[in-house]
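Read-outs throughout are calculated quantities, based only on the coordinates presented, and are distinct from any laboratory measurement. For clarity, every value in this text was computed on a predicted model and none was experimentally measured. With ideal geometry, Cβ positions are generated from the backbone for all residues, glycine too; neighbour counts draw on all protein chains shown.
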Amino acid sequence: MNITLINKWVAGLASALCLNLAQAQTTDSACPLKSQSIVIDAASISYTQGGSGQTLLLLHGLFGQKEQWADMACALVSEGFHVIIPDLPGYGQSNTYPITIYQLESQVATLAHFMKVVSGKPFHIAGNSMGGAIAALYANQFPQEIRSLAFIGAPLGIIAWSNQVKNAIFRGVNPFIPIDTAQFDLEMGLLFAKPPVIGGDIKAQLIQEYRNNNRHYQQVWDIVNFYGNSLNQLPNQVVPTLIVWGERDAIFNISGLKPLTKKFPHSQSHHLANAGHLVMLEQPQQIAHLYASFLKNSR
């Protein structure tokens, strides 16, 4: 792993943990992702978009932010696609919604309003982790709007939390809401096959963000945790589906790949060696190529 990639991971992680750092924005002049905002359902959604061609909606996971997709989105733009990447309602800079927005049904409803305004035509939808669950629920509720579905990393809702996550919870530690250095390092070890090296100052800022807003994070976690079986409750889906799962995912074990392919029988799946949960940060170019090939072949 080179230092450039480490720096990109640090920026992406800062964004994932809701710390608005300027370096999280892409500066690639060949990738014209533009930041915008729009009022939807009495609050504002912040999003980036760029490129031309078929539209792809990319959804981040729990406590994530749109900048996690930056490198992969740039690669998809170069492959000839139009990408739209929102901070999900309540997350990142889309942070003025009430607490009820964190119900996944509310996420789907608000995103449907958002896409009618900014796109207004059928599109492809993809998500990571909780974003994958939201994408699947959206495709099930509005099948006429969705051309294909992609799980970029293991989704919430098909398999229980890993033993590593459960063991941390049993010890009284929520690894997604770290309040000290040891808990933060645990989170990084769960999210990545090879955790990035993060400087002490940035790590301290990230931890302090969790401490300052701990009650809010706990409330959101409590709501989202009700959706651990949400995909299993869906009927088998007919939408063309891409599944990408990191072999070293320590949030949702790769054993969940089998039941997911049964639930989405019109799918092609890939398991990535040396990849964990946030696969779009770990292998953005490779996954963009896989996704673009899937989209082009499924036309």
Apply the Debye scattering formula to region 68-186, with a single equal point scatterer on each alpha-carbon and no solvent, then give log10 I(q)/I(0) at q = 0.10 Å⁻¹. -0.39
CD proxy, 222 nm, the chain: helix-only mean residue ellipticity via -39,500 (n - 2.57) per DSSP H run with n ≥ 4, per residue, nearest 500, stands at -12000 deg cm²/dmol
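Could you state the per residue volume, in Å³, of the convex hull enclosing the Cα atoms of region 76-131?
Working: hull volume 5.8 nm³, N = 56.
Residue-normalised Cα hull volume stands at 103 Å³.
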Principal axis box of region 154-299, alpha-carbon based, largest edge first, Å: 47, 33, 23
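Output the antiparallel fraction of DSSP beta bridges having both residues in region 3-297, as a percent to the nearest 5. Each step should come with its number before you reach the end.
On the way: 11 of 34 bridges.
Bridges in region 3-297 are about 30 percent antiparallel.
If r is the Cβ-Cβ distance from Gln103 to Ile202 and R0 is 45 Å, what FRET efficiency results, to the nearest 0.05? Working shown, then result.
On the way: r = 32 Å, r/R0 = 0.71.
Using R0 = 45 Å, I get an efficiency of 0.90.
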Compare Lys116, Lys263, Lys194 in a GNM of the chain, Cα atoms joined below 10 Å, and give the one with the largest fluctuation. Lys116
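State the volume of the convex hull built on the alpha-carbon positions of region 3-297, expressed per residue in Å³ and rounded to an integer. Mind showing how you got there, number by number?
Working: hull volume 34.1 nm³, N = 295.
In region 3-297, the Cα convex hull volume per residue is 116 Å³.
Given +1 on the Cβ of Lys and Arg, -1 on the Cβ of Asp and Glu, and no further charges, what dipole in debye does region 171-256 carry about its Cα centre, rounded to the nearest 20?
Numbers: 6 positive and 8 negative charges, 13 e Å.
Roughly 60 debye for region 171-256.
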